[in-house]
């Protein structure tokens, strides 16, 4: 098959056979075990895209709603929106600012800088034997990506990149799209300004959100519902290697925000 | 290789060897020829993602700036933003409303409903032997996708989907991302509401912008600058087949827009 394909194809490969994760689990070890069981190993330059959910789980970011003390602002937000008061409280705690609140909808700027509904807090796919449980984002998804990358690079002896993704909405488009909320080993932006086009003209405005494109591509195999495929490997994609950079450069600076 | 990979991998394959397109060219015929030359053929369910640029070119949407009559509102917009007056004129003609205008920046809602910088008008990769030429979006990208799909389906005798993509910016994130501006054969949204998660809970809010995820994935091989790879085939992705639907359902209805 491969020799019949044009060069530079990109492959998005689900990592299957992963366990249900619990707080404190070693994600890198579990990934290595699952891949080994399939005789499937990373290659240099692979991008591992990991759903935020399992990172949050191993980092102990699940919160039982009935243990949350609800503040007055959260009660008001819950009244405005019809959200569970404890959920409103957690959203406020996770957020820098509430951008829009309407019945059924809370959009905030997360303390990490991302604009997201419900501050990215997720109520699905969280085990809750004793009362409703929700899952907050990792405290520092870039750090989570960095640790996972270091561990996997040491384990496999090659350079790879790690992206932590979640499904985020957009201002003017319906539906969610896989989006990078943490990254390591990849410069999240590919700056093509200064390159020339086919006719030798210098490109003016081509800054490509490569980490977000990688996260979106991974969503084609990462399951949202009962599929339980929280990790994908992207092979063959071009991106700029960066060990220092996290996702921050993808966040539009507040002073350039025209739509808040 | 293939048998060592977990199942359900998605492949993003560039279609190379395409010619430089001119107005009136038969895109479907050119694609078939290029694929034939590589002994590479579509498979049922493949999604063909085509850069807006080449669709616009074959549909004759290139405009010479020096032939544009500039109106008074366009002159004012050019003054505010520092854009070329003819460019400002074309942006106004292509747009329903100007959303933001600042030095160096015009964001509008395109007549087709998409929010984009410069109404999606592109000044790169357009041949201009006699004066500066820019490229407008196809008049009806869904119709372009529909025609291309019908032609390719007849030619190859199988069901495929076609997406027309462009690189669009986002309100709160830097960089552009491949985004669907036309579609045929694929329902642009996958509605997972009502499905259950791993623990049997019903998903509340999982509407996935599948066409946009496919367009973003295609961007990993579609060149922006001198690469000249304007078409990708995505193989193995799951999506809902729809012959009737275009991209419209992906556009958030105006009455639900909280950020204009």
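The values are calculated or read from the model by the stated rules, or taken from the named source; none is laboratory data. Worth saying up front: this structure is predicted, and the values here are computed from it rather than measured. FYI the Cβ positions are ideal-geometry reconstructions off the backbone, even for glycines, and counts take in every protein chain you see.
Only residues that are surrounded by fewer than 20 Cβ atoms within 10 Å (Cβ to Cβ) and within 26 Å of residue A:117 (Cβ to Cβ): list them for the stretch A:143-153, please.
Result: A:143, single match.
Do you know which residues across the stretch A:213-260 are in a loop (DSSP other than H, G, I, E, B), within 10 Å of chain B (Cβ to nearest Cβ) and closer than 12 Å to residue A:180 by Cβ?
Those that are in a loop (DSSP other than H, G, I, E, B), within 10 Å of chain B (Cβ to nearest Cβ) and closer than 12 Å to residue A:180 by Cβ: A:219, A:239.
How many residues are more than 9 Å from every other protein chain (Cβ to nearest Cβ) and within 14 Å of the chain's Cα centre (by Cα) when one looks only at the stretch A:103-117?
Adding up the residues that qualify gives 3.
Among (1) more than 19 Å from residue A:222 (Cα to Cα); (2) within 14 Å of chain B (Cβ to nearest Cβ); (3) buried (at least 22 other Cβ atoms within 10 Å of the Cβ), where does residue A:45 come up short?
Condition not satisfied by residue A:45: (3).
Say we look at the stretch B:121-141 and pick out the residues that are assigned to a loop (DSSP other than H, G, I, E, B) and modelled with pLDDT of 85 or more; which of these is surrounded by the most Cβ atoms within 10 Å (Cβ to Cβ)? Before you say what the answer is, go through the steps one by one.
Quick first cut of the stretch B:121-141, residues assigned to a loop (DSSP other than H, G, I, E, B) only: B:121, B:123-132, B:136-140.
In the following step, the residues that additionally are modelled with pLDDT of 85 or more were identified as B:121, B:132, B:136-140.
Values: B:121: 23, B:132: 15, B:136: 21, B:137: 27, B:138: 23, B:139: 13, B:140: 14.
Out of the qualifying residues, it is B:137.
Could you please give the count of residues in the stretch A:1-30 that are more than 11 Å from every other protein chain (Cβ to nearest Cβ) and either modelled with pLDDT of 95 or more or surrounded by fewer than 18 Cβ atoms within 10 Å (Cβ to Cβ) (or both)?
Residues in the stretch A:1-30 being more than 11 Å from every other protein chain (Cβ to nearest Cβ) and either modelled with pLDDT of 95 or more or surrounded by fewer than 18 Cβ atoms within 10 Å (Cβ to Cβ) (or both): 10 in total.
Just name the residue that is modelled with the lowest pLDDT out of those in the stretch A:41-70 that are more than 17 Å from the chain's Cα centre (by Cα) and farther than 25 Å from residue A:83 by Cβ.
Let us first name the residues in the stretch A:41-70 that are more than 17 Å from the chain's Cα centre (by Cα), namely A:41-45, A:63-70.
With the extra rule that they be farther than 25 Å from residue A:83 by Cβ, the set shrinks to A:41-45.
On the way: A:41: 88, A:42: 93, A:43: 96, A:44: 97, A:45: 97.
Of everything passing the filter in the stretch A:41-70, A:41 is modelled with the lowest pLDDT.
Quick test of your reading of the structure: residue B:258 fulfils all but one of (1) touching a strand residue (DSSP E or B) at 6+ places or on another chain (Cβ under 9 Å); (2) assigned by TED's automatic domain parsing to the domain that holds residue B:141. Name the failing condition by number.
(2)
Here are some residues: A:81, A:69. Which one is over 24 Å from residue A:179 (Cα atoms) and either in contact with a strand residue (DSSP E or B) (Cβ under 6 Å, 6 or more places away or on another chain) or in the same structural domain as residue A:163 (by TED's automatic domain parsing) (or both)? If you could, list the steps in order and put the result at the bottom.
Working: A:69 fails: either in contact with a strand residue (DSSP E or B) (Cβ under 6 Å, 6 or more places away or on another chain) or in the same structural domain as residue A:163 (by TED's automatic domain parsing) (or both).
After ruling out the rest, the residue left standing is A:81.
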